[in-house]
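Note sheet for the following structure.
We did not get these values from a lab; they are worked out from the coordinates using the rules stated. Everything quoted here is computed from the prediction, not taken from an experiment. Glycine gets a Cβ as well: all are built from the backbone with ideal geometry, and neighbour counts include every protein chain shown.
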Amino acid sequence: MSKPRIGVYVCQCGTNIAKMVDCEAVAKAAAALPGVVLAKTYKYMCSNPGQEMIVQDIKEHGLERVVVSACSPRMHERTFRAALATAGLNPYFFEMANIREQCSWVHDDPLAATEKATALLRAAVLRVAQHEPLEKMMVDMCPDVLVIGGGIAGLTAALDIATAGGKVTLVERTGALGGNLARIDLTAPYLTSARDLLVERVSRVRSHPRIAVKLDSQVSKLSGFVGNYKAEIVSVPSNGGAPLEIAIGNVVVCTGYQEFDASRITHYGYGKLPNVITSFEFEAMLRAGRIQMADGRLPKNVCLVHCVGSRSPEFHSYCSRVCCMTALKYAHEVHSALPEARVCDLYVDMHAFGKGHEDFYKKTSEVKTLFLMYKKGDRPVIRKAGPDDGVDMLIEVNEQLSGETIEIPADLVILMVGMEARNDSYEVSRLVNISQDKEGWFIESHPKLDPVATTTDGIYIAGTCAAPKDIPDTVAQAHAAAARILAKSARGRIEVDAVFAEIDENKCSGCRMCNELCPYSAIEFDPVKKRSHVISAVCKACGCCVAACPSGAIKGRHFTDAQIIAQIEGVLA
Amino acid sequence: MSYEPRIVGFLCNWCSYTGADLAGTSRIHYPANVRVIRVMCSARVDPTFVLKALRAGADGVLVCGCHPGDCHYTEGNYKAMRRFALLQKALRDFGVEPERVRLEWVSASEGQRFADVVTDMTERLRPLGPSRIKPTLEADAVER
């Protein structure tokens with residue numbers, strides 16, 4: 001057999017790869033490998049011109065195999081396989097070397113990184129020479145969806161999917177729908193009532209014939225793959241009953257956030273000073289209709305403290321995005337409920353980035369609110385006032401704009417607590433097999449181009465489980481996740497990799513070892529022939545049987561012994 | 001140049017490979033000694049792959065799969081674990097230092113853990129010096 005003609009492309013990814021890996025040297029080394037007829041570098045292989053270059057080269061140079069050395073195959077393997085298909089080449093005649101996520105981004109020695117990239121590319125070239133043409137398989141796509149979390153995101157996604165005809169199981173850990181939004185009074189900047197926003201959605205969800213709401217419940221297990229997941233739902237706390245098993249095609253994770261624990265910043269005195277409360281405790285007061293101090297008196301001086309737990313190196317480095325506008329809303333609500341009260345707003349920077357926010361800031365500044373700017377890392381100090389001060393507390397702040405240290409009176413201090421990933425976010429990430437960033441937020445498939453998908457096919461994220469965001473952004477993400485799922489479900493079937501195990505009956509000794517090993521019972525024994533065979537539609541291609549067969553009779557398609565051994569030799573050559 | 005161990009890493013697609021990618025997107029640095037080969041499941045790692053890698057000059061072999069109970073294929077990691085125990089026993093009998101082969105669980109969310117495992121393994125391999133397996137086998141072949 002003559003060696004297949006291989007084309008190699010080394011992506012610079014702008015400077016993402018090129019700043020650490022000498023791409024020219026990597027391409028030059030690849031050009032000397034057996035079968036390689038061309039080796040090029042390019043700024044962005046995934047761009048249209050990059051893909052077009054592959055298509056053109058396949059036609060002009062008669063390429064039979066293609067290797068792209070770039071980002072993770074989890075990112076763009078599909079993109080490049082499609083380019084091969086466009087050029088009329090079997091998409092499985094393609095291999096990627098991951099020299100970004102697993103090389104340029106994680107190493108700091110350019111020489112070592114270049115050597116490693118060369119080895120990874122060599123492995124990919126040797127592997128691709130062993131590739132075999134495969135055909136894609138179509139499998140049924142279950143149109144039903146599991147939504148985890150019954151806040152505004154979960155409610156929105158559930159309604160979209162159910163309206164389109166899918167059945168939705170909405171699992172909520174607490175005894176009520178609404179999530180954190182149900183704890184809020186009015187919303188900034190238009191002062192619409194959170195209750196009004198929720199009531200409509202909740203009643204539509206509760207009465208929808210295709211939405212099953214499971215309150216006081218959680219998902220205990222998820223197995224399967226896109227289009228064909230199985231979930232188990234148990235009650236919280238467990239009542240010992242058998243879990244409810246459902247079949248679904250996709251999952252939307254909308255598990256939301258929890259508020260920062262204000263007692264972690266000790267010198268704000270939260271938990272010790274009775275009139276230092278969190279924004280959520282203030283919301284509860286607003287919902288109850290009375291702003292008051294711990295002893296029931298009406299406060300004369302209300303003070304708002306921004307960035308509690310947010311934008312600080314000791315706690316959370318990020319901005320929680322909603323607190324600035326919420327604080328302005330409080331100023332507004334205090335003024336309308338207690339026209340005599342003075343409101344003081346202690347902020348670091350005023351973030352008024354959203355639609356209508358700047359106008360709201362302007363409007364609030366015009367009514368009597370004293371804005372004092374403190375420096376990040378130099379927090380105001382709150383202390384109990386003396387008996388002669390005529391006020392409950394005194395706050396000392398090094399004011400930035402005047403450059404002076406100012407002492408202000410306060411009867412009620414509201415700490416604008418930020419958002420943080422929920423304590424159980426790690427368990428959720430493990431349950432649905434998605435990633436978390438260093439702060440615990442769930443990671444999207446692509447931060448800009450694919451913000452609601454995850455690295456696991458069929459698992460979507462929406463709302464504040466992915467990062468702090470306001471209500472409109474949360475709702476938009478929920479709609480987006482639903483739309484992504486509906487777009488896939490519309491065809492009824494999805495394409496999956498034609499990757500499964502197959503048994504060479506001539507080599508099979510009929511020992512049946514594989515029959516027992518297969519977790520899917522995808523291997524059947526033919527008692528007449530005394531040979532085993534794989535039911536390819538049931539096989540999930542884990543390759544467990546392949547590694548176990550004592551006769552070497554089982555081939556794991558696209559992960560054959562020859563292909564993996566070629567890689568081993570490639571990385572070590 | 002000082003000795004740098006070469007590690008071949010077999011990573012399962014669903015947890016560990018994704019975890020290694022996460023180390024990248026999080027820019028968590030670790031030594032460049034590991035060269036990763038992606039498999040769908042740690043249960044696909046035929047013990048002969050490990051032997052093959054050692055024979056081809058690897059100073060260490062790292063196998064990573066999903067945490068127990070988390071396997072994408074339900075229980076592949078348990079099978080990998082059992083196989084690995086036998087393999088390690090055999091390797092010990094051959095005189096291969098146990099530090100040279102390692103099985104670790106790394107989930108899709110554990111970019112830091114992957115970096116830590118690679119860093120730790122690299123540091124443990126350095127004092128052992130280069131593996132003698134490849135030169136010994138080559139010398140044997142010449143003698144015959």
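Taking all Cα pairs closer than 8 Å and separated by 6 or more residues, the relative contact order of chain B comes to 36 percent.
Along region A:519-531 the Karplus relation, 6.51 cos²θ - 1.76 cosθ + 1.60 evaluated at θ = phi - 60°, assigns HN-Hα couplings of x, 10, 6, 8, 10, 10, 9, 9, x, 6, 6, 6, 9 Hz to successive residues, with x for each Gly and Pro. A viscosity of 1.306 mPa s and a temperature of 10 °C, combined with the Kirkwood radius over Cα pairs in Stokes-Einstein, give a translational diffusion coefficient for the protein assembly as shown of 56 µm²/s.
Would you mind checking A:Lys362/A:Lys469; A:Lys28/A:Lys448; A:Lys230/A:Lys488; A:Lys136/A:Lys167; A:Lys438/A:Lys469; A:Lys488/A:Lys555 for any pair whose Cα atoms are more than 25 angstrom apart? Over 25 Å Cα-Cα: A:Lys28/A:Lys448; A:Lys136/A:Lys167; A:Lys488/A:Lys555. Note that region A:327-334 has calculated 3J(HN,Hα) couplings of 5, 4, 4, 5, 4, 4, 5, 5 Hz, one per residue in order, obtained from phi through the Karplus relation 6.51 cos²θ - 1.76 cosθ + 1.60 (θ = phi - 60°); glycine and proline are x.
Over all pairs of different C-alpha atoms in region A:191-341, the reciprocal of the mean inverse distance, the Kirkwood hydrodynamic radius, equals 19.6 Å.
Taking every DSSP bridge with both residues inside the protein assembly as shown, close to 40 percent are antiparallel.
Cross-link partners among aspartates and glutamates for A:Lys530, C-alpha distance below 18 Å, same-chain residues fewer than 8 apart left out? Here the aspartates and glutamates satisfying the reach criterion relative to A:Lys530 are A:Glu502, A:Asp504, A:Glu505, A:Glu516. Rounded to two decimals, the Cα radius of gyration of region A:410-512 over 2.2 N^0.38 Å is 1.65.
Backbone amide hydrogens, once placed in the peptide plane, bring A:Ser532 within less than 5 Å of A:Gly510, A:Asp526, excluding anything fewer than 5 places away on its chain.
Between A:Met45 and A:Gln12, A:Cys13, the built amide H atoms are under 5 Å apart, and every one of these is 5 or more places off in sequence or on another chain. Here is the P(r) of region A:262-419: all C-alpha pair distances, binned every 10 Å from 0, give 11, 43, 38, 8, 0 in whole percents.
Residues whose amide H comes within less than 5 Å of that of A:Tyr460, counting only those at least five positions distant or on another chain, are A:Val251, A:Val252, A:Val253 (H built at 1.01 Å from N in the peptide plane). With the largest listed first and rounded to whole Å, the semi-axes of the equivalent ellipsoid of chain B from the Cα gyration tensor are 26, 19, 11.
Helix B:16-25 and the longest principal axis of the C-alpha atoms of chain B enclose an angle of approximately 70°.
Over region B:86-143, the alpha carbon radius of gyration divided by the compact-protein estimate 2.2 N^0.38 Å works out to 1.44. Note on region A:273-363: along the principal axes its Cα atoms extend 36, 32, 21 Å, ordered by decreasing extent.
Computed from Cα atoms, the angle from the helix A:152-163 axis to the main principal axis of chain A rounds to 50 degrees. Scaling the Cα radius of gyration of region A:344-462 by the globular reference 2.2 N^0.38 Å produces a ratio of 1.55. Can you tell me the orientation of helix A:194-207 relative to chain A, as the angle in degrees between its alpha-carbon axis and the longest Cα principal axis, to the nearest 10? Compared with the principal axis, the helix lies near 50 degrees.
Taking all Cα pairs closer than 8 Å and separated by 6 or more residues, the relative contact order of chain A comes to 14 percent.
Take every Cα pair under 8 Å whose residues are at least 6 apart in sequence, average their separation, divide by the length of region A:116-212, and the relative contact order is 26 percent. Listed by chain and number, the lysines whose alpha-carbon sits under 28 Å from that of A:Lys272, ignoring those within fewer than 8 places in the same chain, are A:Lys300, A:Lys329, A:Lys375, A:Lys376, A:Lys384. The orientation-averaged shadow of the Cα convex hull for region A:497-557, equal to a quarter of the hull surface, comes to 3.6 nm².
Whole-Hz Karplus values for region A:359-371 come out as 5, 5, 4, 4, 4, 5, 5, 6, 7, 6, 10, 8, 9 Hz, taken residue by residue from phi with 6.51 cos²θ - 1.76 cosθ + 1.60 and θ = phi - 60°; glycine and proline positions read x. Peptide A:198-211 has a mean of 0 when you count, residue by residue, the C-beta atoms of other protein chains within 10 Å of its C-beta.
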